[in-house]
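Following: one structure in structure tokens, then a few remarks.
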Amino acid sequence: MSWKKISSRTIYENDWMQVREDQVVNPGGGHNLYGHVHFKNRAVAVLVLDEQNNTWLVGQSRYTLGEYSWELPMGGASLDESPLDAAKRELLEETGIRADNWEELMCLHTSNSITDEAGIVYVATRLSFGEPSLEETEDISLRKLPFEAAVQLVLDGEITDAISAAALLKVFASKQQFGRHDVA
């Protein structure tokens, strides 16, 4: 037996998300209340790699965590916007970087026990540089470092953002498995 929704009510809603409380029958036949966070957009992130195998991270204070976070450049893509177009926009806004080559790396679910949010990650190469154009809510620091140093930050627990960690480790594993020293 799979999950069965009996009823649902919206607890909270804004332009970006909806929080519902669902009455469900679980796979074992029991009745439960289940919280469901529905996002009205997708997350997009960009793993930037230059010819010398450097990458760029953005650092910013994350209100929900109450701490500073180093992560890949990322943002939201409305459901009617191309995820690739949104990734290009976010990379340019946050870093001032443009890329001529884009490759989709992965799609993942950020916390599938409570949310339906999907994240799409791209690898961007063949770069050109300009100035960032930050939004009012962004106070971003930019950090260029060797790709392997960024992977080490994940292993050391300094990068805890799920999308960033998954993307960096996937590219690292791909390079190790296939002996590649170019992109993912």
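The values are calculated or read from the model by the stated rules, or taken from the named source; none is laboratory data. Since the model is a prediction, treat every value here as computed from it, not as a measurement. Because the Cβ atoms are built from the backbone with ideal geometry, glycine has one as well, and the counts that use them run over all protein chains shown.
Results, tabulated for the structure shown:
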quantity	calculated
Flag if Leu91 is in the same structural domain as Thr125 (by TED's automatic domain parsing), at pLDDT 95 or above, in a strand (DSSP E or B) and buried (at least 16 other Cβ atoms within 10 Å of the Cβ)	no
Of all residues in region 142-154 being of a type in the set (A, V, I, L, M, F, W, C) and without any contact (Cβ under 8 Å) to a residue 60 or more places away in the chain, the one that is surrounded by the fewest Cβ atoms within 10 Å (Cβ to Cβ)	Ala149
Candidates Gly29, Gly35, Gly75, Gly59 - the one that is touching a residue at least 24 places away in the same chain (Cβ under 8 Å), more than 22 Å from Ala162 (Cα to Cα) and small (Gly, Ala, Ser)	Gly29
Only one of Arg9, Arg20 that is surrounded by 13 or more Cβ atoms within 10 Å (Cβ to Cβ) and charged (D, E, K, R)	Arg20
Within region 94-131, tally of residues that are in contact (Cβ under 8 Å) with a residue 12 or more places away in the chain, surrounded by fewer than 17 Cβ atoms within 10 Å (Cβ to Cβ) and not hydroxyl-bearing (Ser, Thr, Tyr)	14
Matching option when the condition is more than 12 Å from the chain's Cα centre (by Cα) and under 22 Å from Arg20 (Cβ atoms), among Ser69, Ser78	Ser78
Count - residues of region 94-141 that are of a type outside the set (A, V, I, L, M), within 12 Å of the chain's Cα centre (by Cα) and not in a loop (DSSP other than H, G, I, E, B)	4
Positions within region 1-50 being part of a loop (DSSP other than H, G, I, E, B) and modelled with pLDDT of 95 or more, in sequence order	Asn14, Leu49, Asp50
Residue match in region 72-81 (condition: at pLDDT 95 or above, assigned by TED's automatic domain parsing to the domain that holds Ile140 and in contact with a Leu (Cβ under 7 Å, 6 or more places away or on another chain))	yes
So Asp139, is it touching a residue at least 24 places away in the same chain (Cβ under 8 Å), of a type in the set (Asp, Glu), surrounded by 12 or more Cβ atoms within 10 Å (Cβ to Cβ) and over 20 Å from Leu84 (Cβ atoms)	no
